[in-house]
Amino acid sequence: GLGALGVVSEVTLKVIPRYTLHERTYCTTVAELRRNHAELLQSYRHVRYMWIPYTDTVVVVVSDVAKPGAVAREALPESERVQPLQQLLRSLQPDCGSLEGQNFAQLREKLLVIDPLNPDHVARVNQAEAEFWKRSSGERVADSTEILGFECGGSQWVLENCFPCGTIDKPSLADIDYVVDIKRIIETERIAAASPIEQRWTARSSSPMSPAYSAQENSLFSWVGVIMYITDEARAPEIKRKFREYAQHHADLTFAHGGIFHWGKIDLDFHAGSRMAGLRKALSYRFDTAGFREVKKQMDPGNVLGNPITDAVASS
């Protein structure tokens, strides 16, 4: 919740038994993805795409509850999969020393730190990453906590949105169009956007103030996160400034798609000045902010539980 209407003193959690997932990872193109997207969403319990800027590669990761006795078709050993990143690093830094035993995330971080704000350099790193993922096609059968967790790799700025994209029975493809549009902006504006642009889906929420709220039971929502790695402290301020520019494009496109951001990702400084009106408009479109204000007056007339976000955005 937003913590704006009351204080929770006790919570009862509904849990389910632990379970095993059968995961499949493979690479595809945007054209192929458009053809197969609806079937993937309708066939698997978990679907995740990792779009790689400056390439036509989309990494598809799908999983479902494993059938009894399921056997995975394993990917190549990581030592073979990381070779494209090792080769690029050695070509750029011949004196980089031994790279044996370093995983994908470590190698990517070493590559990005060389010139993190140069779009041409970042594009080369992304292309090497695309080759890594092409070699990573394969399957895993493991506990759900292992399958659904993954290596992010280093400190990073992140902004994640949520927007409607039809229903599970009839996806609108607005989710695919969204990432195609943000990739086009990246390449046109020459943004040093490292991989991945991560995309996931959820069913609707019945909570009126959820970013994924819908009164329609089978509504479908897409969540898209953009990132920029904070490779070193010396360049951290400039990376922050560049990410802000990148994130503004993300925000504008989000609002154009009728979307909004996770409440925990709303930064009032980011939306200060002329951008605040756009945020208020987007929130009013997605949420019953007038209804929220009425409930707020009844439950907390003294605004004891107010906070800067609800005070500035939803309660004004």
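Some notes on this structure:
Conditions (1) over 17 Å from the mean Cα position of the chain (by Cα); (2) not small (G, A, S), marked per residue:
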| position | (1), (2) |
| --- | --- |
| D143 | yes, yes |
| P164 | no, yes |
| Y178 | no, yes |
| I182 | no, yes |
| I191 | yes, yes |
| A194 | no, no |
| Q199 | no, yes |
| T202 | no, yes |
| S206 | yes, no |
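- Pair list, Cβ under 9 Å, 6 or more apart: the stretch 17-43 residue free of Cβ contacts under 8 Å to residues at least 24 places away in the same chain, other residue of a type outside the set (S, T, N, Q) and open to solvent by 60 Å² or more (accessible area, probe 1.4 Å): A31/D56
- Taking each residue of the stretch 203-228 that is under 17 Å from R45 (Cβ atoms) and looking for partners that are surrounded by fewer than 22 Cβ atoms within 10 Å (Cβ to Cβ) and of a type in the set (A, V, I, L, M) with beta-carbon atoms closer than 6 Å, six or more apart or interchain, yields N218/I168; L220/I168.
- A single entry from E10, E39, E23, E32 fulfils the requirement of being at pLDDT below 95 and farther than 22 Å from A123 by Cα: E10.
Residues are listed down the side, and each one gets a yes or a no for (1) closer than 28 Å to I197 by Cβ; (2) more than 20 Å from the chain's Cα centre (by Cα); (3) of a type outside the set (F, W, Y):
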site	(1), (2), (3)
T12	no, yes, yes
P17	no, yes, yes
E23	yes, no, yes
L33	yes, no, yes
Y49	yes, no, no
A72	yes, yes, yes
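- Selected residue [in contact with a strand residue (DSSP E or B) (Cβ under 9 Å, 6 or more places away or on another chain), among the small types (G, A, S) and surrounded by fewer than 18 Cβ atoms within 10 Å (Cβ to Cβ)] from A66, A70: A70
- Of all residues in the stretch 258-316, those being aromatic (F, W, Y), within 16 Å of S207 (Cβ to Cβ) and loosely packed, with under 13 Cβ neighbours inside 10 Å number 0.
The values are calculated or read from the model by the stated rules, or taken from the named source; none is laboratory data. Since the model is a prediction, treat every value here as computed from it, not as a measurement. All Cβ positions, glycine included, derive from the backbone under ideal geometry; neighbour counts span all protein chains shown. Surface areas here come from the heavy atoms of the whole protein model, side chains and all, with no ligands, DNA or RNA. Shrake-Rupley method; radii C 1.70, N 1.55, O 1.52, S 1.80 Å.
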